[in-house]
Amino acid sequence: MKKKQVKDMLWVILGLLVLAAVIIYLAVPGGRLWKQYLADVKASLADMNAPEESQRTFTEENIAPLPAPLRQHIVNGGYMGKPLMDNMLLRFHNTKFRMSAGKKPIPIQFMQVNFAPRPDRHAFLSGRIVGIPFQAKDSVLDGFGSMTGMLAKRFQLFRATGAEVDQGQLITALADAVYMPSLFLQDCVGWKTIDEHTVEGEISWKGVSAKGRFSFDSSGKIFRFDTDDRYMDENGKGSSLVPWVVTYGDYKEQNGYLQPRNVSVNWVLPEGVDTYFMSDWVEVKYAIDETSL
């Protein structure tokens, strides 16, 4: 074999090795954003209440100040007599996500960790855009909200912070409390009864406040949360307040609790409802630690 042919072959082998390394790198979970996500969750875990506080339970006495529909939600869910949870891990299965209105939904993996009494929330999304791994981190840590997107685990597509993000993350934490009703009892949340099937909650933390309404069906189950206090990004051209709606359905028993199995998240736009997040199986785990992720 001639020297040139050997050299060409070596270049081909080197190219294949580089390609294989790139493919392996992109295929293996993790990356810089995932490490930051774990660090954020660890920071929230470190600031949880003392153990004796977490041993409190749902009782008639401590739920008495809540509006009647919320009390019924707690009773129906099987929470009475069980510990007030300090945190929860949600894993969303069979999940699809749309980047913006008009785009085709893509399958994603999605998980989040929520906390009480401090309303921290850390969500992590992973999927693929035209075959390239895409990750996003959606967090609020002691009142500071942020949203970050990465392509191929290295290239930052966007990062949003500021008062509008703080507010959006805070109201999302309130909507998530359907699965963690200990947040309903915290001092940072106040309640107003609208009618027998609707209550309004106001969540306030670090000088930021937002309001949202829970709607209940005839059997006392929460089936909807809506707010006018969440900002929607307008493709990098700023943001504006847009009605935001979460729907819950298919209540099933899970680990001794009756909880909604599916959820959808929607923007209510002038041209119609944009359902940009859908999951038909929400898995819930309480009292997590660093090993749970």
Contact list, first residue from segment 74-98 and among the aliphatic types (A, V, I, L, M), second anywhere and modelled with pLDDT under 95 and open to solvent by 50 Å² or more (accessible area, probe 1.4 Å), beta-carbon distance below 6 Å, six or more apart or interchain, is LEU84/ARG56
Restricting attention to segment 225-264, the residues that are outside any strand (DSSP E or B), free of Cβ contacts under 8 Å to residues at least 60 places away in the same chain and within 20 Å of the chain's Cα centre (by Cα) number exactly 3
Condition set part of a strand (DSSP E or B) and acidic (Asp, Glu), scope segment 265-285, selection least open to solvent (accessible area, probe 1.4 Å): answer is ASP274
With the first residue restricted to segment 102-118 and required to be of a type in the set (S, T, N, Q), and the second required to be in a loop (DSSP other than H, G, I, E, B), Cβ contacts under 8 Å at 6 or more apart or on different chains are ASN114/ASP120; ASN114/ALA177; ASN114/TYR179; ASN114/MET180
Selection from segment 240-261 of residues closer than 22 Å to LYS104 by Cα and out of contact with any Ser or Thr (no Cβ under 6 Å at 6 or more places or on another chain) yields VAL242, PRO243, VAL245, VAL246
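In segment 270-292, is there at least one residue being farther than 29 Å from PRO105 by Cβ and of a type in the set (Val, Ile, Thr)?
In the first step, residues of segment 270-292 are kept if they are farther than 29 Å from PRO105 by Cβ; the result is 286-287, 289-291.
Of the ones still in play, those that are also of a type in the set (Val, Ile, Thr) are 291.
For segment 270-292, residues farther than 29 Å from PRO105 by Cβ and of a type in the set (Val, Ile, Thr): present.
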SER219 meets each of (1) of a type in the set (Ser, Thr, Tyr); (2) free of Cβ contacts under 8 Å to residues at least 24 places away in the same chain; (3) in a loop (DSSP other than H, G, I, E, B) with one exception, condition (2)
Of the conditions (1) more than 24 Å from GLY190 (Cβ to Cβ); (2) aliphatic (A, V, I, L, M); (3) in contact with a Leu (Cβ under 8 Å, 6 or more places away or on another chain), the single one that ILE203 does not satisfy is (1)
Of the residues in segment 177-204, those that are of a type in the set (Asp, Glu) and in contact (Cβ under 8 Å) with a residue 40 or more places away in the chain come to ASP187, GLU196
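Okay, residues lined up against (1) modelled with pLDDT of 95 or more; (2) open to solvent by 20 Å² or more (accessible area, probe 1.4 Å); (3) not hydrophobic (A, V, I, L, M, F, W, C):
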| position | (1), (2), (3) |
| --- | --- |
| ALA210 | yes, no, no |
| PHE214 | yes, no, no |
| PHE223 | yes, yes, no |
| THR227 | yes, no, yes |
| GLY238 | no, yes, yes |
| TRP244 | yes, no, no |
| ASN255 | no, yes, yes |
| VAL263 | yes, no, no |
| ALA287 | no, yes, no |
The correct count of residues that are closer than 17 Å to ASP142 by Cα and assigned to a strand (DSSP E or B) in segment 172-201 is 1
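Residues that are modelled with pLDDT of 60 or more and open to solvent by 80 Å² or more (accessible area, probe 1.4 Å): list the helices (runs of 4 or more DSSP H) wholly contained in segment 1-106 that include at least 3 such residues.
Details: elements: 3-27, 32-46, 51-54, 60-63, 68-76.
Hits in segment 1-106: 32-46.
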Within segment 89-131, of all residues that are of a type in the set (Val, Ile, Thr) and in contact with a strand residue (DSSP E or B) (Cβ under 6 Å, 6 or more places away or on another chain), the one nearest to GLY168 (Cα to Cα) is VAL113
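The values are calculated or read from the model by the stated rules, or taken from the named source; none is laboratory data. Everything numeric in this text was worked out from a predicted model, so none of it was measured. All Cβ positions, even for glycine, are placed from backbone atoms using ideal geometry, and neighbour counts span all protein chains on display. Keep in mind that these areas ignore ligands, DNA and RNA; they rest on the heavy atoms of the full protein, side chains included. Shrake-Rupley method; radii C 1.70, N 1.55, O 1.52, S 1.80 Å.
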